[in-house]
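Take a look at the structure below.
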Amino acid sequence: MDLGLKGKVALVPGGTGLLGKATARRLLDEGAIVAVCSRNRANVDSTVNELGEEYGPARVMGAAFNVDNRSAMNNFVKAIQQRFGTIDILIYSAGTGRRSTVESLTDEEMQLHINEKIFGTLHAIQAVLPGMREKKDGRIVVFVGQAGWHPQSDRLPSGITNAGQAAMVKSISDGVARDNVRLNVISPQYVEGPLLNFIIEEQMRKHGIDRKTSTFSYARANPLGRLGQPDEIASTAVFLASDAASFITGSTVCVDGGYHRYPLS
């Protein structure tokens with residue numbers, strides 16, 4: 001299927017992470033141009049070099065800054081527009097997943113989640129939206145973890161901020177739909193990669209179990225009985241940003257092996 005993304009320009013905050021890089025690669029596979037950003041300069045340089053070698057340096061650019069820095073985000077968006085002329089797609093995959101309970105949560109941890117998930121998402125959308133509304137075409141996809149609909153006691157900051165991200169996307173989507181700017185949420189769960197490996201190892205230490213047992217406890221949490229793969233999440237995100245999803249906006253798509261069990265408004 002031709003997703004109609006050849007020559008489209010995409011901004012991917014968090015594009016050096018597991019899901020962000022997988023998404024950037026899928027966009028490039030479809031012929032898009034990609035700009036990535038994250039806070040770590042070494043990670044940005046490595047990702048830009050890696051993708052540039054594979055797809056050509058003319059189709060990839062990057063910058064290092066904290067996503068809650070409004071002026072830095074605005075400056076990066078202007079740099080992308082100056083180089084490539086426009087921004088057609090925003091896929092926001094930046095965020096943090098630190099675990100805390102009501103007893104252990106600190107103001108600093110809570111602020112980190114707010115900065116990366118609430119302010120970061122808001123700043124990125126506000127930066128790209130004027131150009132999208134002006135040309136009456138834009139596609140925005142925001143990664144929001146399942147803690148937004150399945151809050152758990154040890155994931156308090158994610159539960160709070162993920163729900164806020166989802167509400168933000170729905171609110172903005174309703175306001176810009178008549179300008180043909182579509183915003184959607186993609187919600188993954190238990191994807192194989194460094195973050196889940198860390199959680200698995202933490203559970204191994206806490207309960208004195210082996211890796212196979214710990215991994216299985218997460219794999220069996222969904223009806224498919226396995227962990228998700230980064231490309232499975234990325235493929236859905238790219239679909240939502242494509243012409244093939246032109247009648248989808250204000251929606252949440254769970255890519256989780258059936259983990260989610262309740263209706264989404």
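The values are calculated or read from the model by the stated rules, or taken from the named source; none is laboratory data. For clarity, every value in this text was computed on a predicted model and none was experimentally measured. As a convention, Cβ positions derive from the backbone with ideal geometry for all residues, glycine included, and neighbour counts pool all protein chains shown.
Results for (1) under 20 Å from the mean Cα position of the chain (by Cα); (2) farther than 27 Å from LYS21 by Cβ; (3) in contact (Cβ under 8 Å) with a residue 60 or more places away in the chain, shown as yes or no for each residue.
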| site | (1), (2), (3) |
| --- | --- |
| LEU183 | yes, no, yes |
| PRO194 | yes, no, yes |
| ASN197 | yes, no, no |
| ILE209 | no, yes, no |
| ASN222 | no, no, no |
| LEU227 | yes, no, no |
| THR236 | yes, no, no |
| PHE239 | yes, no, yes |
| TYR262 | no, yes, yes |
- Given the conditions (1) surrounded by 22 or more Cβ atoms within 10 Å (Cβ to Cβ); (2) more than 19 Å from ARG26 (Cβ to Cβ); (3) not hydroxyl-bearing (Ser, Thr, Tyr), every one holds for LEU105 apart from (1)
- Within region 166-179, identify whether any single residue is surrounded by 15 or more Cβ atoms within 10 Å (Cβ to Cβ), at pLDDT 85 or above and more than 21 Å from the chain's Cα centre (by Cα), and answer yes or no. yes
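Kindly establish whether LEU51 is closer than 15 Å to GLY95 by Cβ and crowded, with 18+ Cβ neighbours inside 10 Å. Steps first, answer last, please.
Values: closer than 15 Å to GLY95 by Cβ: no; crowded, with 18+ Cβ neighbours inside 10 Å: yes.
Considered against the rule, which asks whether it is closer than 15 Å to GLY95 by Cβ and crowded, with 18+ Cβ neighbours inside 10 Å, LEU51 comes out as no.
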- Is one or more of the residues making up region 74-93 in contact (Cβ under 8 Å) with a residue 60 or more places away in the chain and either more than 29 Å from ALA244 (Cα to Cα) or of a type in the set (Gly, Ala, Ser) (or both)? yes
- Item | Residues satisfying the stated conditions in region 140-152, i.e. outside any helix (DSSP H, G or I) and in contact (Cβ under 8 Å) with a residue 12 or more places away in the chain | ILE140, VAL141, VAL142, PHE143, VAL144, GLY145, TRP149, HIS150, PRO151
- Query: Quick check, is GLU30 acidic (Asp, Glu) and either surrounded by 21 or more Cβ atoms within 10 Å (Cβ to Cβ) or touching a residue at least 60 places away in the same chain (Cβ under 8 Å) (or both)?
  - Reply: yes
- Would region 199-222 turn up any residue that is modelled with pLDDT of 85 or more and either closer than 30 Å to LYS136 by Cα or of a type outside the set (Phe, Trp, Tyr) (or both)? no
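Restricting to region 14-52, name every residue that is part of a helix (DSSP H, G or I) and among the aliphatic types (A, V, I, L, M).
Residues satisfying the conditions are LEU18, LEU19, ALA22, ALA24, LEU27, LEU28, ALA42, VAL44, VAL48, LEU51.
Could you identify the single residue in SER46, SER38 that is out of contact with any helix residue (DSSP H, G or I) (no Cβ under 9 Å at 6 or more places or on another chain), over 16 Å from ILE140 (Cβ atoms) and among the hydroxyl-bearing types (Ser, Thr, Tyr)? Walk me through it before giving the result.
Numbers: SER38 fails: out of contact with any helix residue (DSSP H, G or I) (no Cβ under 9 Å at 6 or more places or on another chain).
SER46 is the lone residue from the list that is out of contact with any helix residue (DSSP H, G or I) (no Cβ under 9 Å at 6 or more places or on another chain), over 16 Å from ILE140 (Cβ atoms) and among the hydroxyl-bearing types (Ser, Thr, Tyr).
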- Item | In region 27-69, the residues that are within 18 Å of ALA127 (Cα to Cα) and among the hydroxyl-bearing types (Ser, Thr, Tyr) | SER38
- Item | Breaking point among (1) out of contact with any helix residue (DSSP H, G or I) (no Cβ under 7 Å at 6 or more places or on another chain); (2) at pLDDT below 95; (3) under 30 Å from LEU27 (Cα atoms), for HIS260 | (1)
- Query: Can ARG155 be described as charged (D, E, K, R) and without any contact (Cβ under 8 Å) to a residue 40 or more places away in the chain?
  - Reply: no
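When region 99-139 is examined, which residues are found to be more than 21 Å from ASN66 (Cα to Cα) and among the small types (Gly, Ala, Ser)?
So the first thing to find is which residues in region 99-139 are more than 21 Å from ASN66 (Cα to Cα), and the list is 100-105, 130-139.
Within region 99-139, SER100, SER104, GLY131, GLY138 qualify.
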